[in-house]
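Just so it is clear, none of the values below were taken in a lab; they were calculated from the coordinates. Keep in mind that what you see is a predicted model, and the values were worked out from it rather than measured. So basically every Cβ, Gly included, is an ideal-geometry build from the backbone, and we count neighbours across all protein chains shown.
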């Protein structure tokens with residue numbers, strides 16, 4: 001497994017989000033990663049997923065909902081989003097394109113020309129990934145009428161050895177004056193041990209003429225082969241000297257790199273008067289559906305004191321419910337909300353999302369206020385393990401295939417069932433118990449999905465073929 005490297009600054013950002021500064025692109029990457037639900041916390045079952053093909057978007061104007069536009073989504077056969085088109089009433093639309101891993105590759109803005117009755121390019125943002133899945137290039141471009149011209153961009157060029165281990169990471173930015181890519185940062189001199197674990201590397205900065213030493217990162221591992229300490233050394237003009245370190249690192253899970261890894265706790269220390277001194281402490285907890293809460297404490301007068309807390313929660317459909325940032329008032333010994341975002345998600349009996357009302361926290365009034373609203377429709381159906389038509393091991397239906405009008409028996413389960421076609425349209429529903437079942441009367445020949453909600457336990461699904 002390839003060991004992914006990371007500077008300590010970004011490592012700390014990864015651990016407690018906004019607590020430290022980093023390069024803009026790395027900061028965006030890690031904030032985006034840790035705002036998402038931890039994938040390892042979500043257990044997959046063969047239930048059906050209904051994904052909307054359209055949303056009508058509204059904005060709350062303090063009196064009523066005002067329609068602002070629509071969004072249309074398309075998906076692959078496995079249920080991954082492939083594109084989204086946002087359009088409003090200003091003769092402008094934005095098209096988002098995604099790759100097979102649901103990563104955004106292009107954001108294209110176009111204006112409608114009423115004379116030619118065509119959509120014309122205006123601007124776009126492009127993201128390119130390397131073979132390792134890392135962001136290789138981001139650029140923002142404007143349309144000149146003939147071709148795309150870059151107005152901002154960044155490049156991350158990585159080199160690997162025969163063992164698929166990183167040996168160099170070169171960063172460049174687009175210079176409009178020079179109309180060329182110019183050097184900014186370089187990570188080099190990577191050292192690995194016999195187990196291919198990263199030991200250290202050196203970071204340099206470009207001073208417009210040559211590379212100059214900046215930092216050196218040193219990695220240590222515990223008996224479990226997971227990082228338990230990372231030290232950063234700063235260049236003083238003559239040598240690298242200790243500056244900052246993270247110690248006592250524990251993990252909810254460690255995948256071999258920070259991607260898909262979740263830290264549980266750590267302590268950050270800094271050099272003060274020649275000795276290591278406590279600075280900040282981080283603790284995270286996991287909850288249902290991938291929900292997470294992280295607490296940051298600062299070291300004051302030889303004691304740990306609350307400072308900040310970040311929380312996020314998700315519903316059973318894995319959609320965001322609340323995102324909350326708080327700061328601790330040491331005088332009153334209470335948590336004050338500094339930012340909060342609350343979603344009210346509404347579903348139908350099949351688990352299809354129908355509406356999301358987005359609310360924002362008003363710091364002055366200390367209440368949630370309506371902000372926007374999305375009304376979903378035109379759902380498509382997929383299985384959540386990306387294996388179309390997968391059958392739950394506990395749900396047995398006989399016969400299958402079945403003839404039109406034939407009675408189908410559901411063995412050993414009691415609960416409510418829903419029968420839908422491949423477009424997500426529901427054809428029938430009902431309740432079965434014991435060795436009960438349902439009739440396929442009224443169903444034409446084709447493939448259907450049977451979603452079964454037991455009286456006890458998780459929903460299950462199966463393919464139903466009607467001849």
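Estimate the FRET efficiency between residue 132 and residue 270 by the formula 1/(1 + (r/R0)^6), using the beta-carbon distance for r and 35 Å for R0, to the nearest 0.05. So, using R0 = 35 Å, E works out to roughly 0.60. So what is the relative contact order of the range 8-383, in percent, for Cα pairs below 8 Å that sit 6 or more residues apart? Taking the mean separation of contacting Cα pairs over the length of the range 8-383, I get 13 percent.
Take the Cβ atoms of residue 224 and residue 348, set R0 to 60 Å, and the FRET efficiency comes out at 0.85.
Between residue 332 and residue 105, what is the FRET efficiency for a Förster distance of 60 Å, r being their Cβ-Cβ separation, to the nearest 0.05? Calculated value: 0.80. Evaluated at q = 0.08, 0.13, 0.14 Å⁻¹, the base-10 log of the normalised Debye intensity for the range 8-383, with identical point scatterers placed on the Cα atoms, takes the values -0.54, -1.35, -1.47. In the range 114-137, which residues have a backbone nitrogen under 16 Å from the label point lying 7 Å from residue 72's Cα in the Cα-to-Cβ direction? Taking a point 7 Å out along Cα→Cβ of residue 72, the residues of the range 114-137 whose backbone N falls under 16 Å are 118-120.
Available extension along the chain between residue 119 and residue 302 is 59.5 nm, counting 0.36 nm per residue and deducting the alpha carbon span. Maximal additional length on extending the residue 91-residue 177 stretch stands at 27.7 nm, based on 0.36 nm per residue less the C-alpha distance. With contacts taken as Cα pairs under 8 Å and at least 6 residues apart, the range 280-390 reaches a relative contact order of 13 percent. As a rough guide to protection, the peptides 366-372, 341-347 ranked by mean Cβ packing within 10 Å, highest first, stand as 341-347, 366-372.
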